[in-house]
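Presented below is the structure to which this report refers.
The values are calculated or read from the model by the stated rules, or taken from the named source; none is laboratory data. Everything numeric here is computed off the predicted structure, so don't read it as measured data. We place every Cβ from the backbone using ideal geometry, glycine too, and count neighbours over all the protein chains shown. The accessibility values were calculated without ligands, DNA or RNA, using every heavy atom of the protein model including side chains. Shrake-Rupley method; radii C 1.70, N 1.55, O 1.52, S 1.80 Å.
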Amino acid sequence: MPTYAVSKSPEVQEALASGKPVVALESTLIAHGLPYPENLQVATDLESDVRSNGAVPATIAVINGVIKVGLTTSDLEMIASGSDVAKLGPRDLPAIVALGKTGATTVASTSVIAQSVGIKLFATGGLGGVHRDANQTYDESTDLTTLGNTPIAVVSAGVKSILDVPATLERLETLGVLVLGFQTKKFPGFYLTDSGYDLEWQVDSPLAVAQILKQHEQMKYQTATIIANPISEELQLPKALHEQILTAGLVAAKQAGITGKQATPFLLEFFHRETKGESLRVNIDVVRSNARLAAQIAVKLSELK
Ligand code: PSU
Ligand code: MN
């Protein structure tokens, strides 16, 4: 049970009380990962993707100091268009609530809030992880440590390709986070189908994932499970273009002195601008596909109970 006040929308409240499948959605990718007004459309589309696959969507954010699970249209509008929307990790929640301000939740804080109200599935785009220069900057996303102590299943297209992917996979192993490739043994690369790194587990159906999640729950593990769902090869960003923009983006970030929590939004925006919207299209395909799969898994999991 949550140890802090969370306001659930009536629909989410009813779904959770009656054991219906629910999928959590985060708001940082809307507020800080995608440009306005496309982001508002994506936020709405993600919710309909979850619904059309049989589950109830629960988008999470903090609105004027209230932690909300299930947003109204005007909440979504505020998150998508607001310039004063903070990017909130779990450590920021006491401050934003006590100060009565508005912010978007990352993978880490969305996981914490969703888990506290009993939501089992969460869909995002790409997880945060170890940054490429982490041996000097210590920049490692709190997504990782949070996934190491929060029992929730997260569907993502791997971790963002701007990161140090092999280091992130090592950290996930250390933290005890199970990573399942969905219909693949290759760890996805967010904008790319394949990051070039292998996985140990391939799972081929939503039912098989649900069976693993049920087992995980029975073992009372307090860790997350990642379902790594790659974008199809036809839809990925062309590899050479990806390589070229990534190299340029990392240089640009360094020159602009971008560090810490600005790093990920800066690089995503750099990609969207320099690929003339192509990476935006891929990012949207990725999150929508993850929302659909998360809903399908949530349906199977609720049938198993
Ligand atoms: N997935 C996307 N776009 C995003 C994110 C995920 O497609 O913007 C966000 C998530 O909220 C994730 C955050 O938690 O990026 C990671 O930020 P950082 O690297 O600063 O921890
Ligand atoms: Mn960071």
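Brief remarks on what is shown
- Three-way shape label, region 183-224, alpha-carbon gyration tensor, a/c 1.5: prolate
- Once the Cα-Cα distance is subtracted from the 0.36 nm per residue extended length, the SER7 to TYR197 segment shows a gain of 64.4 nm.
- Radius 11 Å from Cβ of LYS239, net charge of other residues (Lys, Arg +1; Asp, Glu -1): -3
- Kirkwood hydrodynamic radius over Cα pairs of region 155-275, then Stokes diffusion coefficient at 4 °C and 1.567 mPa s, in µm²/s: 83
- With every protein chain in place and a 1.4 angstrom probe, the accessible-area ranking of LYS239, LYS276, largest first, reads LYS276, LYS239.
- Full extension of the chain segment joining GLU77 with LEU99 gains 5.8 nm, where the gain is 0.36 nm per residue of separation less the Cα-Cα distance.
- Highest mean packing comes first when the peptides 261-274, 121-134 are listed by Cβ atoms within 10 Å, giving 121-134, 261-274.
- Å³ per residue enclosed by the Cα convex hull of region 129-195: 80
- Highest-MSF residue in the chain out of THR184, THR150, THR275 [GNM, Cα springs under 10 Å]: THR275
- The Kirkwood hydrodynamic radius of region 1-53, based on inverse pair distances between different Cα atoms, is 12.9 Å.
- Diffusion constant of the chain at 20 °C, which comes from Stokes-Einstein with the Kirkwood Cα-pair radius and 1.002 mPa s, µm²/s: 113
- If R0 equals 25 Å, the separation of the Cβ atoms of VAL66 and GLN262 corresponds to a calculated FRET efficiency of about 0.45.
- Each label was represented as a point 7 Å from its Cα along the Cα-to-Cβ direction; for LEU207 and ARG281 these points are 3.6 nm apart.
- Each of LYS305 and TYR138 was given a label point 7 Å from its Cα along the Cα-to-Cβ line. The distance between the two points is 4.0 nm.
- DSSP beta bridges in the chain [antiparallel fraction, %, rounded to 5]: 30
- Largest first, the three principal axis extents of the alpha carbons in region 1-113 are 35, 34, 22 Å in whole numbers.
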